[in-house]
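The values are calculated or read from the model by the stated rules, or taken from the named source; none is laboratory data. Computed from a predicted structure; not experimentally measured. As a convention, Cβ positions derive from the backbone with ideal geometry for all residues, glycine included, and neighbour counts pool all protein chains shown. Note: accessible area is taken over every heavy atom of the protein model, side chains too, but ligands, DNA and RNA are not part of it. Shrake-Rupley method; radii C 1.70, N 1.55, O 1.52, S 1.80 Å.
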Amino acid sequence: MVPVGYGSRTIGRVPLVPPYIESLRPYEAGRSIESVRREYGLDRVAKLASNENPLGASPEAIEAMRRSLEGLNRYPNGGLALREVLAAQFDLRVENVIAGSGSEGIMSNIIRAFLGDEDEVLTTDAAFIGFRVLARSRGVTYRTVPYRDWHYDLEALAAAINGHTKIIYLANPNNPTGTIFTKNQFDEFYRHVPERVLIILDEAYFEYAKDNPRYPDSMHYRYDNVITLRTFSKAYGLAGARIGYGFAHEELIRNLLKVKLPFEPSTPAQAAGIAALGDKEFLHRSLELNARGLRFLAESLQEIGMHVVPSEANFVMAVLPTEADAARIFEELLTQGVVIRPLKAFGLPNCLRISTGTDEDNRLCVEALRRSYAADVRASRAG
Ligand SMILES: Cc1ncc(COP(=O)(O)O)c(C=O)c1O
């Protein structure tokens with residue numbers, strides 16, 4: 001049957017779509033294993049494009065999710081059970097905790113709850129693209145400052161705060177660079193931030209960095225105008241469940257809860273999150289695999305001659321000589337069954353991001369890079 005479309009007369013005549021939405025490029029997720037397998041006729045595909053956990057999810061989380069299906073006919077409790085567990089774990093009141101459909105779900109609520117039409121958002125160039133798309137969809141001014149040596153330039157950010165700045169977004173560790181800022185750097189920056197400015201501290205990769213003594217765990221300082229976001233999507237392997245959480249002053253949480261969809265997160269997602277928090281063995285295994293993968297990728301890429309930014313997360317960023325090099329290497333790796341992330345959409349066209357995988361995935365990736373990189377960069381230099 002031929003699908004019946006809609007006519008386009010109305011859209012053409014009246015501006016149903018605001019210009020800031022019309023001009024927005026939607027978030028593009030990494031290619032799925034299945035689509036790459038089909039397109040290139042491959043048996044095995046290593047997906048190293050979306051900073052996911054290559055070990056899967058905690059078996060305890062999967063079991064809890066399965067058990068929760070019994071109650072699927074009932075509406076969820078808005079994340080209350082998970083909020084209670086997190087409050088106890090972090091020595092907070094439940095009023096200081098929010099749970100949502102991934103940390104992006106909470107980001108979206110922050111943008112809806114706290115940004116007025118005249119307010120501005122401030123962050124770094126090439127910030128996490130999920131945040132950029134959400135912030136831009138609000139139609140407010142979105143200002144950025146360049147990185148300094150692939151790190152947030154907190155001094156420049158402090159200097160860029162103006163009377164309209166309402167939200168400052170900082171990811172620590174940062175995606176896509178993998179770099180961190182330290183407690184001292186953050187403290188110095190914080191002295192310049194007026195109370196009327198809300199800082200989003202996105203700690204999606206917290207678990208990977210937390211044992212680094214230079215890494216500041218924002219739960220140690222708990223400032224009134226800082227909201228910390230964390231997720232079960234990365235180290236806990238629950239990206240597909242959509243479950244994340246945030247900590248903040250109770251006034252911020254109280255207002256966020258007004259705009260949050262009342263029934264997110266879903267019952268199975270919440271059950272998985274609670275169980276995942278208790279599965280220390282899975283977390284430990286995930287962090288060990290990641291640490292090994294980071295070392296292997298960084299050392300191997302350097303050996304090949306690529307410039308790699310030192311990372312504290314579960315991915316590394318490689319900086320290529322040119323945009324053409326990055327595009328070619330990305331394509332060549334795809335044909336060899338290795339999916340990595342080109343960073344053109346982030347605003348870094350000559351960079352590639354590679355998530356850590358299983359030991360086997362990482363080996364496949366390095367072998368494919370070895371084949372592609374030398375030939376490609378030689379060709380581009382000759383040309
Ligand atoms: C910095 C950062 N924040 C948030 C997210 C999204 O996390 P979630 O799956 O919890 O929405 C990601 C995912 O890639 C990320 O890199």
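Can you tell me which residues in the range 191-206 are more than 12 Å from the ligand (Cβ to nearest atom), of a type in the set (A, V, I, L, M) and not in a strand (DSSP E or B)?
Let us first name the residues in the range 191-206 that are more than 12 Å from the ligand (Cβ to nearest atom), namely 191-199.
Those still in the list that are of a type in the set (A, V, I, L, M) too: 193, 197-199.
Residues satisfying the conditions are 193, 197.
Output the residues belonging to the range 176-227 that are under 16 Å from the mean Cα position of the chain (by Cα) and more than 20 Å from residue 252 (Cβ to Cβ).
176, 177, 178, 179, 180, 205, 207, 208, 209
I'd like the residue in the range 94-120 that is open to solvent by 40 Å² or more (accessible area, probe 1.4 Å) and among the acidic types (Asp, Glu) and, out of all such residues, is nearest to the ligand (Cβ to nearest atom).
Of everything passing the filter in the range 94-120, 104 is nearest to the ligand (Cβ to nearest atom).
Restricting to the range 158-185, give me the number of residues that are more than 18 Å from residue 119 (Cα to Cα) and within 16 Å of the ligand (Cβ to nearest atom).
Within the range 158-185, residues that are more than 18 Å from residue 119 (Cα to Cα) and within 16 Å of the ligand (Cβ to nearest atom) number 11.
For residue 239, are the conditions met, namely being open to solvent by less than 40 Å² (accessible area, probe 1.4 Å) and either away from the ligand (no atom under 13 Å from the Cβ) or more than 18 Å from residue 104 (Cα to Cα) (or both)?
no
Looking only at helices (runs of 4 or more DSSP H) that fall completely inside the range 6-91, which ones have 1 or more residues that are among the aliphatic types (A, V, I, L, M) and more than 29 Å from residue 280 (Cα to Cα)? If you could, list the steps in order and put the result at the bottom.
On the way: elements: 9-13, 19-22, 33-40, 59-68, 80-90.
In the range 6-91, 9-13, 19-22, 33-40 are the helices (runs of 4 or more DSSP H) which contain 1 or more residues that are among the aliphatic types (A, V, I, L, M) and more than 29 Å from residue 280 (Cα to Cα).
Do we find a residue being assigned to a loop (DSSP other than H, G, I, E, B), under 30 Å from residue 150 (Cα atoms) and open to solvent by 30 Å² or more (accessible area, probe 1.4 Å) anywhere in the range 295-308? Explain how you work it out, then say what you get.
So the first thing to find is which residues in the range 295-308 are assigned to a loop (DSSP other than H, G, I, E, B), and the list is 305-306.
Of the ones still in play, those that are also under 30 Å from residue 150 (Cα atoms) are 305-306.
Filter once more, keeping what is open to solvent by 30 Å² or more (accessible area, probe 1.4 Å): 305.
Looking through the range 295-308, at least one residue is assigned to a loop (DSSP other than H, G, I, E, B), under 30 Å from residue 150 (Cα atoms) and open to solvent by 30 Å² or more (accessible area, probe 1.4 Å).
Among the residues in the range 149-157, are any within 14 Å of residue 193 (Cα to Cα), more than 16 Å from the ligand (Cβ to nearest atom) and touching a Phe, Trp or Tyr at 6+ places or on another chain (Cβ under 6 Å)?
So far as the range 149-157 goes, yes, one or more of its residues are within 14 Å of residue 193 (Cα to Cα), more than 16 Å from the ligand (Cβ to nearest atom) and touching a Phe, Trp or Tyr at 6+ places or on another chain (Cβ under 6 Å).
Yes/no per residue for (1) free of Cβ contacts under 8 Å to residues at least 40 places away in the same chain; (2) under 23 Å from residue 98 (Cα atoms); (3) touching a strand residue (DSSP E or B) at 6+ places or on another chain (Cβ under 9 Å):
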| residue | (1), (2), (3) |
| --- | --- |
| 22 | yes, no, no |
| 30 | no, no, yes |
| 33 | no, no, yes |
| 40 | no, no, no |
| 62 | no, yes, no |
| 71 | no, yes, no |
| 82 | no, yes, yes |
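List the helices (runs of 4 or more DSSP H) inside the range 120-190, counting only whole elements, that have at least 3 residues being under 14 Å from residue 346 (Cβ atoms).
129-136
To keep it simple, each residue is scored yes or no on (1) free of Cβ contacts under 8 Å to residues at least 60 places away in the same chain; (2) within 20 Å of residue 262 (Cβ to Cβ).
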{"site": "94", "(1), (2)": "yes, yes"}
{"site": "107", "(1), (2)": "no, yes"}
{"site": "122", "(1), (2)": "yes, no"}
{"site": "130", "(1), (2)": "no, no"}
{"site": "143", "(1), (2)": "yes, no"}
{"site": "151", "(1), (2)": "yes, no"}
{"site": "160", "(1), (2)": "yes, no"}
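Could you please let me know if residue 353 is in a strand (DSSP E or B) and at negative phi?
yes
What are the pairs, 6+ residues apart or on separate chains, where a residue within the range 240-258 that is under 16 Å from residue 219 (Cα atoms) has its Cβ under 6 Å from a residue that is in a loop (DSSP other than H, G, I, E, B) and away from the ligand (no atom under 16 Å from the Cβ)?
249/224
What's the number of the condition residue 257 fails, among (1) among the aliphatic types (A, V, I, L, M); (2) assigned to a loop (DSSP other than H, G, I, E, B); (3) closer than 26 Å to residue 119 by Cα?
Single failed check for residue 257: (2).
Quick one: residue 311 ticks every box in (1) among the polar types (S, T, N, Q); (2) away from the ligand (no atom under 14 Å from the Cβ); (3) under 19 Å from the mean Cα position of the chain (by Cα) except a single one, so which number is it?
So residue 311 meets the others, but not (2).
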